[in-house]
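So the structure is just underneath, and the comments pick up after that.
The values are calculated or read from the model by the stated rules, or taken from the named source; none is laboratory data. Remember, predicted model here, so these are calculated numbers, not experimental data. Here the Cβ is made from the backbone with ideal geometry for all residues, glycine too, and neighbour counts use every protein chain on show.
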Amino acid sequence: MTDLKQKAKPPETSFRFIGKPVVRKEDARLTTGHGRFSDDFSVAGQAYAVMVRSPHPHARIRGMDAARAQAMPGVLGVFSGADCLADGLGPIPHDPLPKTKYDMKLHAASGGAVFIGPHLLLPTDKARHVGEAVAMVVAESLAQAFDAAEAVAVDYQVLPGVYHSEDAMRPGAPVVWEEVPDNIPVDTWFGDREATDKAFAAADHVVAMDFHIARVTGVPLELRAALAQYDAGSGRYTLHAGSGGAVRQKRELAQVLGIAPESLRVLAYDVGGNFGTRNRVFVEFGLVL
(Lines give C-alpha, C1' and ligand atoms only; values in the text may rest on other atoms or scores of the structure.)
Protein backbone atom coordinates (compact mmCIF):
# COMPACT_ATOMS: atom_id res chain seq x y z
CA MET A 1 0.00 0.00 0.00
CA THR A 2 1.32 3.42 -0.92
CA ASP A 3 2.10 5.73 1.97
CA LEU A 4 0.15 8.89 1.11
CA LYS A 5 2.09 10.93 3.67
CA GLN A 6 5.35 10.12 1.96
CA LYS A 7 3.95 10.93 -1.48
CA ALA A 8 2.36 14.28 -0.48
CA LYS A 9 4.19 17.29 -1.90
CA PRO A 10 5.59 19.87 0.50
CA PRO A 11 3.76 23.21 0.62
CA GLU A 12 4.72 25.67 -2.10
CA THR A 13 7.21 28.18 -0.68
CA SER A 14 8.52 29.70 -3.89
CA PHE A 15 5.88 32.43 -4.18
CA ARG A 16 7.41 35.86 -4.38
CA PHE A 17 4.74 37.83 -2.53
CA ILE A 18 1.76 35.62 -1.64
CA GLY A 19 1.73 34.78 2.05
CA LYS A 20 4.64 37.06 2.83
CA PRO A 21 4.65 40.49 4.45
CA VAL A 22 5.41 43.21 1.92
CA VAL A 23 7.28 46.21 3.22
CA ARG A 24 5.76 49.51 2.04
CA LYS A 25 8.23 51.61 0.10
CA GLU A 26 6.69 55.05 0.65
CA ASP A 27 6.40 55.15 4.45
CA ALA A 28 9.80 56.65 5.23
CA ARG A 29 9.29 59.49 2.79
CA LEU A 30 5.77 60.30 3.97
CA THR A 31 6.42 60.04 7.71
CA THR A 32 9.47 62.31 7.48
CA GLY A 33 7.59 65.10 5.72
CA HIS A 34 8.98 64.47 2.25
CA GLY A 35 5.62 63.79 0.59
CA ARG A 36 4.63 65.88 -2.40
CA PHE A 37 0.97 66.84 -2.15
CA SER A 38 -0.82 69.53 -4.14
CA ASP A 39 -0.38 72.14 -1.40
CA ASP A 40 3.39 71.55 -1.31
CA PHE A 41 3.80 73.22 -4.70
CA SER A 42 3.83 76.95 -5.37
CA VAL A 43 4.82 79.41 -8.08
CA ALA A 44 6.17 82.94 -7.82
CA GLY A 45 3.46 85.58 -7.49
CA GLN A 46 0.62 83.09 -7.17
CA ALA A 47 -2.86 84.20 -6.14
CA TYR A 48 -5.30 82.35 -3.92
CA ALA A 49 -8.87 81.24 -4.59
CA VAL A 50 -11.65 80.61 -2.07
CA MET A 51 -15.10 79.33 -2.97
CA VAL A 52 -18.38 80.88 -1.83
CA ARG A 53 -20.62 77.91 -1.01
CA SER A 54 -24.36 77.51 -0.71
CA PRO A 55 -25.70 77.04 2.82
CA HIS A 56 -28.94 75.69 1.35
CA PRO A 57 -29.69 72.25 -0.13
CA HIS A 58 -31.92 73.77 -2.79
CA ALA A 59 -32.09 77.44 -3.70
CA ARG A 60 -32.52 79.56 -6.80
CA ILE A 61 -29.72 82.08 -7.37
CA ARG A 62 -31.53 85.34 -8.07
CA GLY A 63 -28.50 87.58 -7.99
CA MET A 64 -25.09 88.23 -6.52
CA ASP A 65 -23.57 91.44 -5.09
CA ALA A 66 -19.78 91.32 -5.09
CA ALA A 67 -19.13 95.08 -4.91
CA ARG A 68 -18.04 95.05 -1.28
CA ALA A 69 -15.79 92.02 -1.81
CA GLN A 70 -14.26 93.56 -4.95
CA ALA A 71 -13.28 96.69 -3.01
CA MET A 72 -11.47 94.81 -0.24
CA PRO A 73 -7.64 94.87 -0.05
CA GLY A 74 -5.83 92.39 -2.26
CA VAL A 75 -8.92 91.15 -4.10
CA LEU A 76 -8.21 90.44 -7.77
CA GLY A 77 -11.63 89.22 -8.86
CA VAL A 78 -14.94 87.63 -7.96
CA PHE A 79 -16.34 85.17 -10.48
CA SER A 80 -19.79 83.61 -10.89
CA GLY A 81 -21.44 81.04 -13.10
CA ALA A 82 -22.31 83.81 -15.56
CA ASP A 83 -18.60 84.64 -15.88
CA CYS A 84 -17.83 81.00 -16.62
CA LEU A 85 -20.41 80.94 -19.40
CA ALA A 86 -19.11 84.24 -20.80
CA ASP A 87 -15.63 82.73 -20.97
CA GLY A 88 -16.96 79.70 -22.83
CA LEU A 89 -16.16 77.20 -20.07
CA GLY A 90 -18.09 74.00 -20.62
CA PRO A 91 -19.54 71.50 -18.15
CA ILE A 92 -17.46 68.65 -16.77
CA PRO A 93 -18.17 65.69 -19.06
CA HIS A 94 -19.73 62.77 -17.20
CA ASP A 95 -20.62 59.40 -18.64
CA PRO A 96 -21.92 57.14 -15.85
CA LEU A 97 -23.45 54.57 -18.20
CA PRO A 98 -21.83 51.11 -18.30
CA LYS A 99 -20.38 50.23 -21.68
CA THR A 100 -19.19 46.60 -21.70
CA LYS A 101 -21.35 43.83 -23.12
CA TYR A 102 -21.63 42.27 -19.66
CA ASP A 103 -23.09 45.38 -18.01
CA MET A 104 -26.77 45.91 -17.38
CA LYS A 105 -27.87 48.58 -19.82
CA LEU A 106 -29.41 51.61 -18.11
CA HIS A 107 -32.25 53.70 -19.49
CA ALA A 108 -34.87 56.14 -18.29
CA ALA A 109 -38.31 55.09 -17.06
CA SER A 110 -39.71 55.76 -20.52
CA GLY A 111 -37.09 53.53 -22.07
CA GLY A 112 -35.22 56.50 -23.52
CA ALA A 113 -31.83 57.97 -22.81
CA VAL A 114 -30.74 58.69 -19.24
CA PHE A 115 -30.60 62.40 -18.41
CA ILE A 116 -27.15 63.47 -17.21
CA GLY A 117 -27.30 66.87 -15.55
CA PRO A 118 -24.75 69.37 -16.91
CA HIS A 119 -22.05 69.74 -14.23
CA LEU A 120 -21.03 73.40 -14.60
CA LEU A 121 -18.00 74.72 -12.74
CA LEU A 122 -20.33 77.26 -11.08
CA PRO A 123 -24.14 77.04 -11.38
CA THR A 124 -26.07 79.80 -13.11
CA ASP A 125 -29.62 78.94 -12.03
CA LYS A 126 -29.68 77.33 -8.60
CA ALA A 127 -27.72 75.47 -5.95
CA ARG A 128 -28.60 71.81 -5.73
CA HIS A 129 -26.81 70.73 -2.57
CA VAL A 130 -25.35 72.20 0.61
CA GLY A 131 -21.79 73.32 0.03
CA GLU A 132 -22.05 73.68 -3.75
CA ALA A 133 -19.64 76.36 -4.95
CA VAL A 134 -21.59 79.32 -6.36
CA ALA A 135 -18.76 81.86 -6.71
CA MET A 136 -14.98 82.07 -6.60
CA VAL A 137 -12.98 84.88 -4.97
CA VAL A 138 -9.35 85.40 -6.00
CA ALA A 139 -6.98 87.52 -3.89
CA GLU A 140 -3.28 88.11 -3.30
CA SER A 141 -3.31 86.17 -0.02
CA LEU A 142 -5.37 83.33 1.39
CA ALA A 143 -6.58 85.45 4.33
CA GLN A 144 -7.75 88.20 1.97
CA ALA A 145 -9.59 85.66 -0.17
CA PHE A 146 -11.37 84.19 2.87
CA ASP A 147 -12.41 87.64 4.12
CA ALA A 148 -13.71 88.68 0.71
CA ALA A 149 -15.63 85.43 0.24
CA GLU A 150 -17.60 86.23 3.40
CA ALA A 151 -18.46 89.65 1.93
CA VAL A 152 -20.09 88.25 -1.23
CA ALA A 153 -23.86 88.59 -0.90
CA VAL A 154 -25.85 85.96 -2.76
CA ASP A 155 -29.58 86.54 -3.19
CA TYR A 156 -31.11 83.09 -2.71
CA GLN A 157 -34.71 82.09 -3.18
CA VAL A 158 -34.75 79.13 -0.82
CA LEU A 159 -36.62 76.18 -2.34
CA PRO A 160 -37.96 73.07 -0.59
CA GLY A 161 -35.29 70.44 -0.03
CA VAL A 162 -35.48 66.66 0.05
CA TYR A 163 -33.37 64.55 2.37
CA HIS A 164 -34.24 60.93 1.67
CA SER A 165 -34.26 59.00 -1.58
CA GLU A 166 -37.73 57.56 -0.97
CA ASP A 167 -39.12 61.04 -0.27
CA ALA A 168 -37.54 62.29 -3.51
CA MET A 169 -39.64 59.77 -5.46
CA ARG A 170 -42.98 60.71 -3.93
CA PRO A 171 -45.50 62.75 -5.98
CA GLY A 172 -44.99 66.47 -5.48
CA ALA A 173 -41.43 66.13 -4.19
CA PRO A 174 -39.01 69.02 -4.85
CA VAL A 175 -37.47 68.60 -8.28
CA VAL A 176 -33.68 68.79 -8.50
CA TRP A 177 -33.58 68.92 -12.33
CA GLU A 178 -36.60 70.17 -14.26
CA GLU A 179 -35.72 67.66 -17.00
CA VAL A 180 -36.50 64.83 -14.55
CA PRO A 181 -39.84 65.84 -12.96
CA ASP A 182 -40.08 62.73 -10.78
CA ASN A 183 -36.38 62.71 -9.71
CA ILE A 184 -35.97 59.21 -11.16
CA PRO A 185 -33.38 59.40 -13.95
CA VAL A 186 -32.91 55.63 -14.28
CA ASP A 187 -35.50 52.84 -14.18
CA THR A 188 -34.06 49.65 -15.61
CA TRP A 189 -35.50 46.14 -15.67
CA PHE A 190 -33.49 43.09 -16.64
CA GLY A 191 -34.16 39.39 -16.92
CA ASP A 192 -37.56 37.79 -17.50
CA ARG A 193 -39.99 39.96 -15.54
CA GLU A 194 -43.08 37.92 -16.39
CA ALA A 195 -41.48 34.62 -15.36
CA THR A 196 -40.18 36.16 -12.14
CA ASP A 197 -43.63 37.49 -11.19
CA LYS A 198 -45.13 34.06 -11.93
CA ALA A 199 -42.54 32.34 -9.73
CA PHE A 200 -43.26 34.65 -6.81
CA ALA A 201 -47.00 34.21 -7.28
CA ALA A 202 -46.65 30.42 -7.10
CA ALA A 203 -44.22 30.37 -4.18
CA ASP A 204 -45.31 28.90 -0.84
CA HIS A 205 -43.51 31.62 1.08
CA VAL A 206 -42.30 35.08 0.04
CA VAL A 207 -39.93 37.06 2.23
CA ALA A 208 -39.66 40.81 1.68
CA MET A 209 -37.09 43.06 3.32
CA ASP A 210 -36.16 46.72 3.20
CA PHE A 211 -32.46 47.53 3.37
CA HIS A 212 -31.49 51.00 4.54
CA ILE A 213 -27.89 51.78 3.67
CA ALA A 214 -26.41 54.75 5.48
CA ARG A 215 -24.53 57.38 3.51
CA VAL A 216 -21.03 56.23 2.64
CA THR A 217 -18.41 58.57 1.26
CA GLY A 218 -14.66 58.79 0.92
CA VAL A 219 -13.08 61.29 3.30
CA PRO A 220 -9.45 61.72 2.23
CA LEU A 221 -7.00 63.47 4.56
CA GLU A 222 -5.96 65.79 1.74
CA LEU A 223 -8.62 68.39 1.02
CA ARG A 224 -9.51 69.82 -2.39
CA ALA A 225 -6.25 71.55 -3.23
CA ALA A 226 -5.07 72.52 -6.70
CA LEU A 227 -2.43 74.80 -8.17
CA ALA A 228 -2.76 76.01 -11.76
CA GLN A 229 -0.37 77.99 -13.92
CA TYR A 230 -0.80 79.45 -17.40
CA ASP A 231 2.13 80.25 -19.67
CA ALA A 232 1.01 83.05 -21.99
CA GLY A 233 4.07 82.56 -24.20
CA SER A 234 3.31 78.94 -25.09
CA GLY A 235 -0.43 78.96 -24.38
CA ARG A 236 0.02 75.91 -22.16
CA TYR A 237 -1.60 75.16 -18.82
CA THR A 238 -0.16 73.18 -15.88
CA LEU A 239 -2.23 71.76 -13.03
CA HIS A 240 -1.01 70.22 -9.79
CA ALA A 241 -3.91 68.27 -8.29
CA GLY A 242 -4.03 65.00 -6.41
CA SER A 243 -6.19 62.44 -8.16
CA GLY A 244 -6.51 58.78 -9.01
CA GLY A 245 -4.73 59.40 -12.30
CA ALA A 246 -3.82 62.26 -14.59
CA VAL A 247 -5.12 60.91 -17.92
CA ARG A 248 -8.87 61.29 -17.29
CA GLN A 249 -8.33 64.63 -15.55
CA LYS A 250 -6.39 65.95 -18.53
CA ARG A 251 -8.97 64.79 -21.07
CA GLU A 252 -12.00 66.12 -19.20
CA LEU A 253 -10.43 69.44 -18.21
CA ALA A 254 -9.32 70.08 -21.77
CA GLN A 255 -12.99 69.73 -22.79
CA VAL A 256 -14.06 72.14 -20.04
CA LEU A 257 -11.50 74.73 -21.13
CA GLY A 258 -12.10 74.15 -24.83
CA ILE A 259 -8.41 73.55 -25.57
CA ALA A 260 -6.39 70.77 -27.16
CA PRO A 261 -5.31 68.08 -24.66
CA GLU A 262 -1.66 68.68 -25.52
CA SER A 263 -2.02 72.23 -24.18
CA LEU A 264 -2.67 70.95 -20.65
CA ARG A 265 -0.29 69.14 -18.32
CA VAL A 266 -1.72 67.51 -15.19
CA LEU A 267 0.64 66.48 -12.39
CA ALA A 268 -0.69 64.22 -9.63
CA TYR A 269 1.89 63.16 -7.08
CA ASP A 270 0.97 61.97 -3.58
CA VAL A 271 -2.75 61.77 -2.82
CA GLY A 272 -4.09 61.87 0.74
CA GLY A 273 -6.58 59.08 0.18
CA ASN A 274 -8.69 58.23 -2.87
CA PHE A 275 -11.65 55.93 -2.16
CA GLY A 276 -12.92 56.69 -5.66
CA THR A 277 -13.65 60.33 -4.79
CA ARG A 278 -10.39 61.39 -6.46
CA ASN A 279 -11.04 59.69 -9.77
CA ARG A 280 -13.08 62.49 -11.30
CA VAL A 281 -12.55 66.18 -11.91
CA PHE A 282 -13.55 68.60 -9.14
CA VAL A 283 -14.98 71.98 -10.16
CA GLU A 284 -12.12 73.66 -8.28
CA PHE A 285 -9.62 72.17 -10.76
CA GLY A 286 -11.31 73.84 -13.71
CA LEU A 287 -11.85 77.10 -11.84
CA VAL A 288 -8.20 77.63 -10.89
CA LEU A 289 -7.18 76.81 -14.47
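Annotation note: of Phe190, Phe146, the sole residue that is out of contact with any Asp or Glu (no Cβ under 7 Å at 6 or more places or on another chain), over 16 Å from Val114 (Cβ atoms), among the aromatic types (Phe, Trp, Tyr) and surrounded by fewer than 17 Cβ atoms within 10 Å (Cβ to Cβ) is Phe146. Residues of region 94-106 that are in contact (Cβ under 8 Å) with a residue 40 or more places away in the chain, loosely packed, with under 15 Cβ neighbours inside 10 Å and under 20 Å from Trp177 (Cβ atoms): His94 alone. The one condition from (1) exposed (fewer than 15 other Cβ atoms within 10 Å of the Cβ); (2) in contact with a strand residue (DSSP E or B) (Cβ under 9 Å, 6 or more places away or on another chain); (3) among the aromatic types (Phe, Trp, Tyr) that Tyr237 does not meet is (1).
The set of residues from region 71-93 being in a strand (DSSP E or B) and either in the same structural domain as Val281 (by TED's automatic domain parsing) or exposed (fewer than 11 other Cβ atoms within 10 Å of the Cβ) (or both) is empty. Of the numbered criteria (1) of a type outside the set (S, T, N, Q); (2) surrounded by 12 or more Cβ atoms within 10 Å (Cβ to Cβ); (3) assigned to a loop (DSSP other than H, G, I, E, B), the one Tyr163 fails is (2).
For region 166-187, the set of residues classified as surrounded by 12 or more Cβ atoms within 10 Å (Cβ to Cβ), farther than 24 Å from Pro98 by Cα and of a type in the set (D, E, K, R) consists of Asp167 only. Number of residues in region 193-228 that are surrounded by 10 or more Cβ atoms within 10 Å (Cβ to Cβ), over 30 Å from Phe41 (Cβ atoms) and either at pLDDT below 85 or in the same structural domain as Ser243 (by TED's automatic domain parsing) (or both): the value is 0.
Just one of the numbered conditions (1) in contact with a Leu (Cβ under 6 Å, 6 or more places away or on another chain); (2) part of a loop (DSSP other than H, G, I, E, B); (3) aliphatic (A, V, I, L, M) is not true of Ala228: (2).
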